[in-house]
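Notes to accompany the following structure.
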Amino acid sequence: IFLPPLLYDAAFAISWKELWRWRRIVTSFAFIVVFLTALSVAIVADSFIPGLSLALGFLLGGIVSPPDAVSASAILKFVKVPRRMSSILEGESLLNDASSLIIFRFALVAIATGQFIWQDAALSFAWMVVGGVGIGLAIGWLFMKMHKLLPTDVDMDIILALVAPYVMYIAAEQVHCSGILSVVSGGLFLASKRNYFLKSSSRLRGDNVRQSLVYVLNGLVFLLIGLDLPQIREGLEQEGISLSSAIGYGLLITAVLIVVRFIASFGALVVTRIASNFIAVADRNPGYRAPLVMGWTGMRGVVSLAAALSIPVQLSDGIPFPHRHLILFITFITIISTLLLQGLTLPYLIRKVKM
């Protein structure tokens, strides 16, 4: 219900030209950094949180590893930053949602079946990526032709735009591909061609409708987790975990997320300087300001909430899903901590470093 329109809107909000220009840093943060973050969370959870296995840690890592595009974009509207910064953040958040949810899905399978075969996982991963992208592009092309050939008006164009992400997502999931990548690739394709098949009136009204829908969906997801909190707290008590301990675990995972992102940001600076000696890079000397701000823009948000809420209540054999309430609570703590700590101080940091 929530993920397809949210990802589709993010795809429409980004410039393909800017995404391609900063493709190296975007893809490294969206795939390599997300995997390293999920791995770090899994190791820390397995070592310091009683009852959480490595598989459950990877599940938690897949949920909390992607930074939220909506939070960063909302804050960047009120402060002056270079165009490259917002382009990198938007591109990263669009692709890392897909990569993190793929990790989440594999971890879910490992927990449900009790085994993880690397060869099967590698083949499955390749099919999810290639098939998901292919299906998204194919359905995007079909919708473009529908807009172009059918006698549509503004209202019909908007309805087709609302239906498209769900068709992309469901079609990919039916053949066991990544619905997330399908929506992202299809959305990027349609966004790059919108001037070709949409009238200006359809683009203007469609943008307004989409932004309003995304705002409502964001609010609904936070409402759902808020309404679920009393039940989550009861579940923690049943699992023998005190509220203070659960808050401590949440803050520990938050600290891991912040530290790993800072290491990745300054690591990317070092890699860029080394790579500039061998290949053409978009910026030979990014300086310390951009990595510092990038490291502090790791707010978590609605995608993490939607992923956490999608954890099944029971496994296939009817056994309650292990530590579901704890994972939900830790997710909530990481989101609220990063939004309050990083989100409220980010404008001050940007003004202080004078980007």
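The values are calculated or read from the model by the stated rules, or taken from the named source; none is laboratory data. Predicted model, so just to flag it, every value in this text is computed and none were measured. Don't worry about glycine lacking a Cβ; one is built from the backbone with ideal geometry, like all the others, and counts go over all protein chains shown. We work out accessible area using only protein heavy atoms, side chains counted, and drop any ligands, DNA or RNA first. Shrake-Rupley method; radii C 1.70, N 1.55, O 1.52, S 1.80 Å.
Among (1) of a type in the set (Val, Ile, Thr); (2) more than 24 Å from residue 239 (Cβ to Cβ); (3) at pLDDT below 85, where does residue 109 come up short?
Going through the list (1) of a type in the set (Val, Ile, Thr); (2) more than 24 Å from residue 239 (Cβ to Cβ); (3) at pLDDT below 85, residue 109 breaks only (2).
Among the helices (runs of 4 or more DSSP H) lying completely within the range 258-355, list those that include at least 2 residues that are out of contact with any strand residue (DSSP E or B) (no Cβ under 7 Å at 6 or more places or on another chain), hydroxyl-bearing (Ser, Thr, Tyr) and open to solvent by 40 Å² or more (accessible area, probe 1.4 Å).
Values: elements: 289-295, 302-309, 324-338, 344-353.
Output list reads 344-353.
I'd like to verify a number: residues in the range 147-174 that are in a helix (DSSP H, G or I) and open to solvent by 70 Å² or more (accessible area, probe 1.4 Å), how many? Lay out the reasoning, then the answer.
Just the residues of the range 147-174 that are in a helix (DSSP H, G or I), to begin with: 147-149, 154-174.
Applying the additional criterion that residues be open to solvent by 70 Å² or more (accessible area, probe 1.4 Å) yields 148-149, 155-156, 159, 166, 170, 174.
Residues that pass the stated criteria total 8.
Determine, yes or no, whether residue 38 is surrounded by 17 or more Cβ atoms within 10 Å (Cβ to Cβ) and either among the charged types (D, E, K, R) or within 13 Å of the chain's Cα centre (by Cα) (or both). Let's see the steps before the verdict.
Details: surrounded by 17 or more Cβ atoms within 10 Å (Cβ to Cβ): yes; either among the charged types (D, E, K, R) or within 13 Å of the chain's Cα centre (by Cα) (or both): yes.
So residue 38 passes the test.
Might you let me know whether the range 22-32 holds any residue that is small (Gly, Ala, Ser), within 22 Å of residue 191 (Cβ to Cβ), open to solvent by less than 80 Å² (accessible area, probe 1.4 Å) and part of a helix (DSSP H, G or I)? Break it down into steps so the answer makes sense when it comes.
Filtering the range 22-32 for residues small (Gly, Ala, Ser) gives 28, 30.
Filter once more, keeping what is within 22 Å of residue 191 (Cβ to Cβ): 30.
Among the residues that remain, those that are also open to solvent by less than 80 Å² (accessible area, probe 1.4 Å) are: 30.
Next cut, part of a helix (DSSP H, G or I) only: 30.
Yes, there is a match, as at least one residue in the range 22-32 is small (Gly, Ala, Ser), within 22 Å of residue 191 (Cβ to Cβ), open to solvent by less than 80 Å² (accessible area, probe 1.4 Å) and part of a helix (DSSP H, G or I).
Under 29 Å from residue 323 (Cβ atoms) and either basic (Lys, Arg) or under 25 Å from the mean Cα position of the chain (by Cα) (or both), is that true of residue 224? If you could, list the steps in order and put the result at the bottom.
On the way: under 29 Å from residue 323 (Cβ atoms): yes; either basic (Lys, Arg) or under 25 Å from the mean Cα position of the chain (by Cα) (or both): yes.
So residue 224 fits the description; yes.
Residues are listed down the side, and each one gets a yes or a no for (1) in contact (Cβ under 8 Å) with a residue 12 or more places away in the chain; (2) of a type outside the set (Val, Ile, Thr):
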| position | (1), (2) |
| --- | --- |
| 253 | yes, no |
| 274 | no, no |
| 288 | yes, yes |
| 309 | yes, yes |
| 316 | yes, yes |
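List pairs: first residue in the range 163-192 and over 14 Å from residue 141 (Cα atoms), second residue open to solvent by 40 Å² or more (accessible area, probe 1.4 Å) and among the charged types (D, E, K, R) anywhere in the structure, Cβ distance under 6 angstrom, at least six positions apart or on different chains.
179/173
Only residues that are touching a helix residue (DSSP H, G or I) at 6+ places or on another chain (Cβ under 8 Å), free of Cβ contacts under 8 Å to residues at least 24 places away in the same chain and not in a helix (DSSP H, G or I): list them for the range 209-248, please.
242
Step by step: first the residues of the range 207-257, then only those that are under 29 Å from residue 36 (Cβ atoms) and of a type in the set (S, T, N, Q), then the one that is surrounded by the most Cβ atoms within 10 Å (Cβ to Cβ). Which residue is that?
254
Can you confirm whether residue 299 is touching a Gly at 6+ places or on another chain (Cβ under 6 Å) and in contact (Cβ under 8 Å) with a residue 60 or more places away in the chain?
Values: touching a Gly at 6+ places or on another chain (Cβ under 6 Å): yes; in contact (Cβ under 8 Å) with a residue 60 or more places away in the chain: yes.
So residue 299 fits the description; yes.
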